[in-house]
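Worksheet: the structure to be examined is printed underneath.
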Ligand SMILES: [Zn+2]
């Protein structure tokens, strides 16, 4: 169960206070704005990425890092360091969440933006309701068999099937309220998110009410359902190799140990190592899914036996490293 403290932590993690003068606040943190690119209703402040050295081993020369003047969202297009303005303050000044809040408040919070606020701004569109899923049905047995999934696991993860297009429907929901944001449509070697531009990096695919000892983080939603089908509890998916700060905060609030089960390819391994370097010092114990001797790129490609042993053999990075 999620305790009230966790709920407050998550709410705090979710809100996005932005200073009145974003460029000034960057300057006070020692991040110099080198260029400003003006957009329709906001500017992007370009600077050298403060996380580049830690993430890539090389300092950023370009500048690859930009912060939006209105939303405070930042992103490095090269090393993928990204998050809310408050994350930047936390990282750059070594503050805890509350201190970072206070620091921003001292520099004039002009808006506390929540997820809803941002979504509306980025995607002016109708709000989805559960009725949007009415055209879909529970996945049929042949589809379940082809992926080693159980009907029970699909029900637990709310997975549906589009009988017309023969595609999986993987709902994407608000991690606080469960409200439907959209879904991922997945066929053979194909997937698409609906609606386009859905903020999937601000949520996780999985049972948001779950909390327990050990969680498992995968890239693909169907792999999380597969894990559950094999009796592995607490499986979540990040919708890709890049795991956002928000996603890590959401998962950290739900477990004490995290098994990183990102894909066994260059992007997955790079992301895994970064997450370890970044989150181990923040008190999250992490193990790596054990791919040794298993010729598969992800959990979905493994036999039942291999998947169970990869999970059971999850290891701390200082041993059994490949
Ligand atoms: Zn960078």
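For the chain, what does the convex hull of the Cα positions come to per residue, in cubic angstrom?
Output value, Cα hull per residue: 140 Å³.
Between residue 165 and residue 316, how high is the FRET efficiency from 1/(1 + (r/R0)^6) when r is the Cβ-Cβ distance and R₀ = 41 Å? Nearest 0.05.
FRET efficiency, residue 165 to residue 316: 0.45.
Which of rounded, prolate, oblate describes the stretch 186-322, given a ≥ b ≥ c as roots of the alpha-carbon gyration tensor eigenvalues and a/c under 1.5 marking rounded, otherwise prolate only if a/b is larger than b/c?
rounded
Mind pulling the angle between the C-alpha long axis of helix 266-279 and the longest principal axis of the chain? Nearest 10 degrees, somewhere in 0 to 90.
Helix 266-279 and the main axis of the chain meet at about 60 degrees.
Starting from 0.36 nm per residue, how many nanometres of slack lie between residue 61 and residue 93 once their C-alpha separation is accounted for? Walk me through the numbers on the way to the answer.
On the way: separation 32, 0.36 × 32 = 11.52 nm, distance 2.15 nm.
Contour length minus the Cα-Cα distance gives 9.4 nm.
Under 13 Å from a label point 7 Å along Cα→Cβ of residue 54: give me every residue in the stretch 251-275 with its amide N that close.
Under 13 Å, as judged by backbone N against the label point of residue 54, lie 274-275 of the stretch 251-275.
Using 7 Å Cα-to-Cβ label points, what is the residue 77/residue 233 separation (nm, one decimal)?
Going from the residue 77 label point to the residue 233 one covers 4.5 nm.
Determine the percent antiparallel among the DSSP beta bridges restricted to the chain, to the nearest 5.
Working: 34 of 46 bridges.
Percent antiparallel among DSSP bridges in the chain is about 75.
Computed FRET efficiency, Cβ-Cβ of residue 305 and residue 213, R0 25 Å: what is it to the nearest 0.05?
0.60
In percent, what relative contact order does the chain have, based on Cα pairs under 8 Å that are 6 or more apart in sequence?
Dividing the mean separation by the residue count of the chain yields 12 percent.
Taking neighbour counts of Cβ atoms within 10 Å as a proxy for exposure, in what order, fewest first, do 52, 242 appear?
Least crowded to most crowded, the residues run 242, 52.
Per the helix-only calculation at 222 nm, which mean residue ellipticity applies to the chain, given -39500 (n - 2.57) for every DSSP H run of n ≥ 4 and division by its residues, nearest 500 deg cm²/dmol?
-9000 deg cm²/dmol
Readers should treat all values here as calculations from the given coordinates under stated rules, not as data from a laboratory. These numbers were taken from a predicted model, which means no experiment stands behind them. Because the Cβ atoms are built from the backbone with ideal geometry, glycine has one as well, and the counts that use them run over all protein chains shown.
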